[in-house]
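Encoded as structure tokens, the structure appears first; notes follow it.
The values are calculated or read from the model by the stated rules, or taken from the named source; none is laboratory data. The structure presented is a predicted model; accordingly, all values stated were derived computationally and were not measured. Neighbour counts are summed over all protein chains in view; Cβ atoms, including those assigned to glycine, are modelled from backbone coordinates with ideal geometry.
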Amino acid sequence: MDPLYNIGISAYKLAVRLASVKNRKARLLLEGQSRTFSYLREHLHPAGGYIWIHASSLGEFEQGRPLIEMIRRDHPNARILLSFFSPSGYEVRKNYNQVDAVCYLPFDLPGNVKTFLDLVKPSMAIFVKYEFWGNYLHELDRRGIPTYSISAIFRPSQVFFKPWGGKMRKILSHFDKLFVQNEESRQLLQGIGIHQVEVSGDTRFDRVAHVREQTKQFPTIERFVSTARLTVVMGSSWEPDEDLMIPYFNTHPGMKLIIAPHEFDRERLLAIMSRIKRPTGLFSQALPATSSQLDCIIIDSFGLLSSLYRYGQIAMVGGGFGAGIHNINEAAVYGMPVIFGPNYHKFSEAKDLIACGGGFAVSTADEFRSVMDRLLSDTDELRRAGSIAEHYIQSHLGATQLIYDQIKQHIKSSEVVG
């Protein structure tokens, strides 16, 4: 890889090391990477042959998960390695039982790359969405290992499409195929000479449909909503999202509210509860016998949100006042309109839902109030918007099967006995 690229990765590594003094996630990343090679030596079969799937973080993992589970279902003897770069993915899914091993991916430097691939001996590699590590991709290509990108999405603002992006464009040539979410991505790549591209759609749609089929039931929540005229589920919320929702909730006794904050340390939970003027409890402390007396339940456990949406008629998904909205498909699949903040432009599903009438972007308290008033006062509008959202999800299923059908010949060659 270009020396300047390696200098950039080294500088990134140094920045993470400096940040680790005060930042817990940076510290977890370094500590996790320091154990990767010893972990692989201890846990991997010496013959290798692993299907290596890499996801940067938890969101990317959820996109890759439908494909992982389809591979495991149809090829139970295939060896699968899952790697993460971010602690927010690894720490939550390090015990994921559909793969044979889970590890942190070491920084993309030549020595790390050679050692990693020598230990894994992958039969194929799959990178989810945004992962484009130049040294890993170059070495995979050099070794003749089939390599794919799935659920990828490209925008003109990315470095690949800039006049100075030649070195980064070369990275994309190392993929055997890029499965992209939309036609715009395919056309952008074609414009820079990348032709091994197929529009497959987004595997997250398949994931949320599967979650709906396997949804969990919570007796405490069922009793809670049994006395509600209407319930709003607020998922992955941050403070700016709550700045809109909580004052509205406080003055609308006809609705109940489930809040699943993105982070829920003790200080954060106390701050939320202090702002709510109606009977409120934590999910971990609520009892089925008394939960119907509450007007708001705050979720203080991981892994529940995708099933909790089933109890609502309206969803507000957080993140849109920060780096970007969280997973709105998790809510839309249950046939409810979805409200989110203004930073949604990187998410094609948000733009699509706005265009068809199943989603609503708000920037101010007045805009939020207007949307909520309309949905609460007009049951036909509420039902129509929810139906549109559900139909949108249903019409975008099938990406996982399309990808699987094209790579399964390499999966079969990875299957081993013992």
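Test of understanding: among Ala289, Ala350, which residue is over 19 Å from Leu375 (Cβ atoms) and in the same structural domain as Asp366 (by TED's automatic domain parsing)? Let's see the steps before the verdict.
Numbers: Ala350 fails: over 19 Å from Leu375 (Cβ atoms).
The conditions single out Ala289.
Does the stretch 215-228 include one or more residues that are closer than 22 Å to Ile71 by Cβ and either modelled with pLDDT of 95 or more or surrounded by 13 or more Cβ atoms within 10 Å (Cβ to Cβ) (or both)?
no
Filter the stretch 129-157 down to residues that are in a loop (DSSP other than H, G, I, E, B) and under 18 Å from the mean Cα position of the chain (by Cα) and give me whichever is nearest to Arg207 (Cα to Cα).
Of all residues in the stretch 129-157, those in a loop (DSSP other than H, G, I, E, B) come to 129-133, 143-146, 153-157.
Imposing the further condition that a residue be under 18 Å from the mean Cα position of the chain (by Cα) reduces the set to 129-132, 153-154.
Details: Lys129: 15, Tyr130: 18, Glu131: 20, Phe132: 23, Ile153: 17, Phe154: 21 Å.
The extreme case among them is Lys129.
For the structure I just gave you, tell me whether Thr215 is in the same structural domain as Gly303 (by TED's automatic domain parsing) and within 15 Å of Cys296 (Cβ to Cβ).
no
Given the criterion out of contact with any helix residue (DSSP H, G or I) (no Cβ under 8 Å at 6 or more places or on another chain) and not polar (S, T, N, Q), identify the matching residue among Arg169, Arg186, Arg212.
Answer to the selection: Arg186.
Could you list, in sequence order, the residues of the stretch 365-391 that are out of contact with any helix residue (DSSP H, G or I) (no Cβ under 8 Å at 6 or more places or on another chain) and in contact (Cβ under 8 Å) with a residue 40 or more places away in the chain?
Gly386, Ser387
Please enumerate the residues belonging to the stretch 160-184 that are within 22 Å of Leu140 (Cα to Cα) and assigned to a helix (DSSP H, G or I).
Residues satisfying the conditions are Phe160, Gly166, Lys167, Met168, Arg169, Lys170, Ile171, Leu172.
Taking helices (runs of 4 or more DSSP H) that fall entirely within the stretch 318-418, which contain at least 2 residues that are out of contact with any strand residue (DSSP E or B) (no Cβ under 9 Å at 6 or more places or on another chain), over 30 Å from Ala78 (Cβ atoms) and of a type outside the set (A, V, I, L, M, F, W, C)?
Correct list: 365-377, 379-394.
Please tell me if Thr227 is out of contact with any Pro (no Cβ under 8 Å at 6 or more places or on another chain), of a type outside the set (A, V, I, L, M, F, W, C) and either assigned to a loop (DSSP other than H, G, I, E, B) or in the same structural domain as Phe132 (by TED's automatic domain parsing) (or both).
yes
Please go through the stretch 372-403 and pick out each residue that is more than 30 Å from Leu67 (Cβ to Cβ) and surrounded by fewer than 18 Cβ atoms within 10 Å (Cβ to Cβ).
Selection gives Asp373, Arg374, Ser377, Asp378, Thr379, Asp380, Glu381, Arg383, Arg384.
Has the stretch 273-286 got at least one residue that is of a type outside the set (D, E, K, R), touching a residue at least 60 places away in the same chain (Cβ under 8 Å) and either on the phi > 0 side of the Ramachandran plot or surrounded by fewer than 18 Cβ atoms within 10 Å (Cβ to Cβ) (or both)? Break it down stepwise before answering.
Step one: of the stretch 273-286, the residues of a type outside the set (D, E, K, R) are 273-274, 276, 279-286.
The next check asks that each one be touching a residue at least 60 places away in the same chain (Cβ under 8 Å); those that pass are 283, 286.
Adding the requirement that they be either on the phi > 0 side of the Ramachandran plot or surrounded by fewer than 18 Cβ atoms within 10 Å (Cβ to Cβ) (or both) leaves none.
Checked against the condition, which is being of a type outside the set (D, E, K, R), touching a residue at least 60 places away in the same chain (Cβ under 8 Å) and either on the phi > 0 side of the Ramachandran plot or surrounded by fewer than 18 Cβ atoms within 10 Å (Cβ to Cβ) (or both), the stretch 273-286 yields no hits at all.
Is there any pair linking a residue in the stretch 307-332 that is outside the structural domain of Ser377 (by TED's automatic domain parsing) to one that is at pLDDT below 95 and among the acidic types (Asp, Glu), with Cβ under 9 Å and at least six apart or on different chains, and which?
Sorted first by the residue in the stretch 307-332, then by its partner, the list stays empty.
Would you check which residues across the stretch 146-185 are among the aliphatic types (A, V, I, L, M), free of Cβ contacts under 8 Å to residues at least 60 places away in the same chain and crowded, with 20+ Cβ neighbours inside 10 Å and list them? Quick ask: steps written out before the conclusion?
Within the stretch 146-185, the subset among the aliphatic types (A, V, I, L, M) is 150, 152-153, 159, 168, 171-172, 178, 180.
With free of Cβ contacts under 8 Å to residues at least 60 places away in the same chain added as a condition, the list becomes 152, 159, 168, 171-172, 178, 180.
Scanning the stretch 146-185 gives Ala152, Ile171, Leu172, Leu178, Val180.
Residue-by-condition table, conditions (1) part of a helix (DSSP H, G or I); (2) assigned by TED's automatic domain parsing to the domain that holds Arg229; (3) in contact with a strand residue (DSSP E or B) (Cβ under 7 Å, 6 or more places away or on another chain):
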residue	(1), (2), (3)
Asp241	yes, yes, yes
Leu244	yes, yes, no
Phe249	yes, yes, yes
Leu257	no, yes, yes
Ala260	no, yes, yes
Ser301	no, yes, no
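Tell me which residues, restricted to the stretch 193-216, are at negative phi and either without any contact (Cβ under 8 Å) to a residue 60 or more places away in the chain or part of a strand (DSSP E or B) (or both).
Ile194, His195, Gln196, Val197, Glu198, Val199, Glu213, Gln214
Considering only residues of the stretch 5-51 that are closer than 16 Å to Leu117 by Cα and of a type in the set (Val, Ile, Thr), which is surrounded by the fewest Cβ atoms within 10 Å (Cβ to Cβ)?
Going through the qualifying residues, I end up with Thr36.
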